[in-house]
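What follows draws every value from the coordinates through simple rules; no lab data is involved. Bear in mind that the values here come from a model prediction, so they are computed numbers and not experimental data. Backbone-built Cβ (ideal geometry, glycine too); neighbour counts: all protein chains shown.
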Amino acid sequence: MFVCICNAIRDTELRDAARKCPGGAKQVYASLGKQVNCGQCLCEAESIVFEARDEPLLAAE
Ligand code: FES
């Protein structure tokens, strides 16, 4: 499934990148060579990033 429509980022791609890159969703997007555009995806993307690392969401930022 696509998490970010603007950048065509799939959840699987986001999970893989999150395990290789520290930081929140914006940093993980940057590691993929993408930038946040509309921002509609950020809440879900943050959840996926921290879930992929098995870290609590409160650790964001
Ligand atoms: S849906 Fe991700 S930046 Fe727009």
| task | Please enumerate the residues belonging to region 3-14 that are crowded, with 17+ Cβ neighbours inside 10 Å, in contact with a strand residue (DSSP E or B) (Cβ under 7 Å, 6 or more places away or on another chain) and part of a strand (DSSP E or B). | result | Val3, Ile9
| With Ala17, Ala45 as the choices, which residue is touching a strand residue (DSSP E or B) at 6+ places or on another chain (Cβ under 6 Å), within 15 Å of the ligand (Cβ to nearest atom) and in a helix (DSSP H, G or I)? | Ala45
| query | Residues in region 20-42 that are outside any helix (DSSP H, G or I) and either within 10 Å of the ligand (Cβ to nearest atom) or among the hydrophobic types (A, V, I, L, M, F, W, C) (or both): how many? | reply | 10
